[in-house]
Amino acid sequence: MLLYVNSKHWGVFIMLKFVDNIRSKPAGGIILLFVSIQIVAIIGGLLYPDSFRYLNPANIAVLLKSMSALGIMAIGVGILMITGEFDLSVGTLYTFCAIVTATVVKEYAMSPYFAMLVGVFVGMLAGVMHASIVNRFTIPSFIVTLGAMLLWKGATLLYHGAKSLRYKYESATYKTVLTGDIGVVDASFLWFLGVGAIFYFVLHHHKIGNHFYAVGGNPEAAVAIGINPKRVKLIAFMIAGGCAALSGVVAMSRVGSVQPGGGLGLELEAIAACVIGGCALMGGRGSIIGIMLGTALIYTIQDLLLLLRAPGFYFDMFVGGLIVIAAVTNVVIRKRI
């Protein structure tokens, strides 16, 4: 009889064991949540294909295209959060660097590839400035980058004004690389995956990644084993600034224009994606896969609510609640550890 019961329920046992193994991973919680929502959405799309068009190729294309800019930015913000710091200026830096890129092409007739490098360099330079102030005067990064957010917002208006800027370039290759598509997969989404793959290696398979975790988890212990927290935070701020600039350039290239106020609010969405993806608010915990899935989850929920014709504030309520739950979960996990 025992053998019969065991053979009857072996599938359930294996499934529970599999779920438990996933939950034990750094991004286990967000993986299970994301997969669960996808299963429900796919079932709904199969049962009601006419009224709930989640599986419609056009809907999938828009969904993948939408998450790329925020996803690239969130990767940089997440790495910085792992070191225990924040950057609230990435939204306005996103816009400023995109406008710098566009003007380099328009006014100086430079290659769009070179202009992209200039824009990313400006973002990294801004990150160096933020880190230098934080490290030199030991001011909380929240305060420093809050001021920087207003600084880059003003710099955008001073540099270009309040009008939108068209982004024109002659390179057909650049257009393919930045705005092309393979079926429903847009080039910008491939950039998101590429950036994620690069920083997955950096964070999880390189010693600098271990330094990020060490500095965010216990700065005193990091110093004791020979790690320089100021240097590590400088690198993290540079990555955050560079990713913000790259996301702005990718988004601008896809749309063909940039609005001076287009990046406002993205910094909070990026932090939300990181927190939902498992990054601890106090640093020392997080993963690239979690950050990417956190971004995907935000846009998936937004897409589902739009398909269900729900009021817009439902999205804000859900994401806000999810952030609080994720933050509480992080604190509970940290206490147990």
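A few remarks follow.
- In terms of packing, defined here as the mean over residues of other Cβ atoms within 10 angstrom, the peptides 178-184, 253-259 line up highest first as 253-259, 178-184.
- Formal net charge of residues neighbouring H211 (Cβ-Cβ distance under 11 Å; K, R +1; D, E -1): +3
- For the range 52-336: rounded, prolate or oblate by the Cα gyration tensor [a/c cutoff 1.5]: oblate
- Here the range 165-205 is described by how far its Cα atoms reach on the three principal axes: 39, 25, 18 Å, from widest to narrowest.
- Entry note, the chain: relative contact order of 31 percent, from Cα contacts under 8 Å with a spacing of 6+ residues.
- Tally of Lys pairs whose C-alpha atoms are under 25 Å apart, taken over the range 52-336, 8 or more apart or cross-chain: 14
- Average Cα contact separation per residue, the range 84-198, under 8 Å, 6 or more apart, as relative contact order %: 34
- Long-range Cα-Cα pairs in the range 33-184 (distance over 20 Å), rounded percent: 63
- The reciprocal of the average 1/r between distinct C-alpha atoms defines the Kirkwood hydrodynamic radius, which for the range 224-277 equals 13.4 Å.
Where a number appears in this text, it was derived from the coordinates with a stated rule and is not lab data. Here the structure is a predicted model, which is why all the values come from computation and not from measurement. Every residue, glycine among them, receives a Cβ derived from its backbone with ideal geometry; neighbour counts consider all protein chains shown.
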